[in-house]
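The values are calculated or read from the model by the stated rules, or taken from the named source; none is laboratory data. Just so we're clear, the structure is a prediction, and the values are computed from it rather than from any experiment. Cβ coordinates were reconstructed from backbone atoms using ideal geometry, including for glycine residues, and neighbour counts include every protein chain displayed. When the accessible area is computed, the model is the full protein with side chains, heavy atoms only, and any ligands, DNA or RNA have been set aside. Shrake-Rupley method; radii C 1.70, N 1.55, O 1.52, S 1.80 Å.
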Amino acid sequence: MSAETPAAAADQFARRRQQFRAWRGTRPFWAGLFVLLSGFPIMYFPYAHLQIGHLTLAMATTAGAGSLIIGVLLVVLGVSLWYQRHVRTFAGVAAILLALVSLPVSNFGGFVVGFLLAMVGGAMAVSWVPGRPEQEEPHRPAPVAGDDTPDGLTFDKDTRGPGTPDDLSGTSPANGANGRHSAG
């Protein structure tokens, strides 16, 4: 073993961590994690036998199969949020609906733990939007000293008017420009 082996392992760890961070940033990772984790208490508690001292508390209910189905569906939705970003809205709405159904079916949604995780994860999945790469702003010329405009502001007459991106006079639904994206 050479003296450089620990440094190479540290570099590989840092590189793997950066790769995971980049992968995580392109998808609703936390929403998928919350939805995935919500399925486990919903699946577990209807089949659990909890020991409190010498007292055995059997949580078995007649809706055990329903709880199992809800839990498995939530786990599958959580994994699909990680690997299929385009189903985020469907998976989020389905997770919220399954969380609501789990309240009466599986011991108050896994004693409210699974219910809350599924609600938060579903809401995060519905609200997640892929990021856009930052674009550089166009270079604007510096104001000229001694200009008579207040605070050194400059107004270019050539940059405003009909046919420019800031002109809202021709907005209509027919040409696809309705003025929504014009606010800066």
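Of all the residues that make up segment 80-117, how many are assigned to a helix (DSSP H, G or I) and open to solvent by less than 60 Å² (accessible area, probe 1.4 Å)? It would help to see each step written out before you state the result.
Residues of segment 80-117 assigned to a helix (DSSP H, G or I): 80-83, 85-105, 107-111, 113-117.
Within this subset, residues satisfying the condition of being open to solvent by less than 60 Å² (accessible area, probe 1.4 Å) are 80-82, 87-88, 91-92, 94-96, 98-99, 102-103, 105, 107, 109-110, 114-115, 117.
Final tally of qualifying residues: 21.
Please work out if Y47 is among the hydroxyl-bearing types (S, T, Y) and under 26 Å from S127 (Cβ atoms). Against the criterion (among the hydroxyl-bearing types (S, T, Y) and under 26 Å from S127 (Cβ atoms)), Y47 does not qualify. Based on this model, can you work out whether V120 counts as at pLDDT 95 or above and surrounded by fewer than 20 Cβ atoms within 10 Å (Cβ to Cβ)? Taking the combined requirement at face value, the residue satisfies it. Taken together, the residues in segment 105-135 that are under 19 Å from L68 (Cα atoms) and either without any contact (Cβ under 8 Å) to a residue 40 or more places away in the chain or aliphatic (A, V, I, L, M) (or both) amount to 8. Considering the conditions (1) open to solvent by less than 70 Å² (accessible area, probe 1.4 Å); (2) modelled with pLDDT under 95; (3) under 28 Å from the mean Cα position of the chain (by Cα), E136 is excluded by exactly one of them, (1). Among the residues making up segment 42-76, those that are within 19 Å of L100 (Cβ to Cβ), among the small types (G, A, S) and either modelled with pLDDT of 85 or more or not in a helix (DSSP H, G or I) (or both) are A63, G66, S67, G71.
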